[in-house]
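Asker: One structure is given below, represented as structure tokens, and several questions about it will come after.
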């Protein structure tokens, strides 16, 4: 796999002497109610040409988190390399409103994915041949964005729900300015990246001129454990305060 990745990178970067290089980053500093400050920095380097792109992501210790190549050949998009510490080879293509893909994990199983938009509802399913597949559906109605995710773990069905709406503000061809966004979620953990049975959460975010995006959030578990937070994001920088 590493030899294949190196060969693909070499072919891609040598294919065009006019390859573009983009460097970006994200810094987050968090202060909790005990006065403990933690920080995280993610740096991403993307080299692109007419034939595809190479992406490398480094953590705050400059260890490689992601390193992969993407290229499209004959209408099929290939992605080879390491993503979230998992090395795999993937291929996907779009047929009408449906995108289908196959992914082979190095030394592991082959999975099949599918996604598409039907009557305004966007549906995506990963590992569709497995009983434990995860399926996500999203839809916007009257300014409210709704998202539902279902996964089966053993005999249990896990369902996560999230809804958000932007209130106020002015919308032009350049986007929406002013107002604030309200979000509510159910059965998600405090980071909104995993299932947590019986929990509730929510946030309110607004752009403050000269400061950035200010977000206040709260979360409550089924055991009545409450947490609160306030964050300010400006460009690549995010400062946050958390209390549990």
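Asker: Helix 2-14 versus the longest principal axis of the chain: what is the Cα-based angle in degrees, 0 to 90, to the nearest 10?
Answerer: In the chain, helix 2-14 runs at an angle near 80 degrees to the longest axis.
Asker: Using only DSSP helix segments of four residues or longer, with each worth -39500 (n - 2.57), what per-residue ellipticity at 222 nm results for the chain after dividing by its residue count and rounding to 500?
Answerer: -1500 deg cm²/dmol
Asker: Can you bin the chain into rounded, prolate or oblate? Criterion: square roots of the alpha carbon gyration tensor eigenvalues sorted a ≥ b ≥ c, rounded for a/c under 1.5, prolate for a/b above b/c, oblate for the rest.
Answerer: prolate
Asker: Right, here's the next one. Any chance you could list P(r) for the stretch 153-244, counting all Cα-Cα pairs in 5 angstrom bins from zero, rounded to whole %?
Answerer: Final binned percentages: 3, 12, 19, 20, 18, 13, 8, 4, 2, 1, 0.
Since every read-out is calculated from the coordinates, none of them should be taken as a lab result. Keep in mind that what you see is a predicted model, and the values were worked out from it rather than measured.
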